Amino acid sequence: MDRFKNTKIAGILGIMGNIFLLVIKAAVGFISNSQAMIADSVNSASDIFASLMTFIGNKIASKPGDENHNFGHRKI
Ligand SMILES: [Zn+2]
């Protein structure tokens, strides 16, 4: 498996795992009225954003070279 494929899988797993954590933490936080748990679910939301940026950045970087970028887009 190549590097871009591995990074893509890591991004997708990061997004799915953090959605799972977000839902569990938010549910438990609201049920138990725990502000700490609710705040931690917001932190998971920001982790989803970070994983999404990994996914998008990787997608752009995996583009092959073109007329303007002869060596590919890996350094994006
Ligand atoms: Zn280009």
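The values are calculated or read from the model by the stated rules, or taken from the named source; none is laboratory data. The shown structure was predicted, so the numbers you read here are calculated from the model rather than taken from an experiment. Don't worry about glycine lacking a Cβ; one is built from the backbone with ideal geometry, like all the others, and counts go over all protein chains shown.
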Filtering the range 25-66 down to residues that are under 24 Å from residue 2 (Cα atoms) and assigned to a loop (DSSP other than H, G, I, E, B) yields 62, 63, 64, 65, 66
Reported set for the range 1-32 where residues are in contact with an Asp or Glu (Cβ under 9 Å, 6 or more places away or on another chain) and loosely packed, with under 15 Cβ neighbours inside 10 Å is 17
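Scan 57, 29 and give me the residue that is out of contact with any helix residue (DSSP H, G or I) (no Cβ under 8 Å at 6 or more places or on another chain) and either without any contact (Cβ under 8 Å) to a residue 24 or more places away in the chain or within 16 Å of the ligand (Cβ to nearest atom) (or both).
Matching residue, one of 57, 29: 57.
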Filtering the range 33-76 down to residues that are surrounded by 15 or more Cβ atoms within 10 Å (Cβ to Cβ), over 14 Å from residue 14 (Cα atoms) and hydrophobic (A, V, I, L, M, F, W, C) yields 37, 38, 61
All conditions in (1) part of a helix (DSSP H, G or I); (2) modelled with pLDDT under 95 are true of residue 75 except (1)
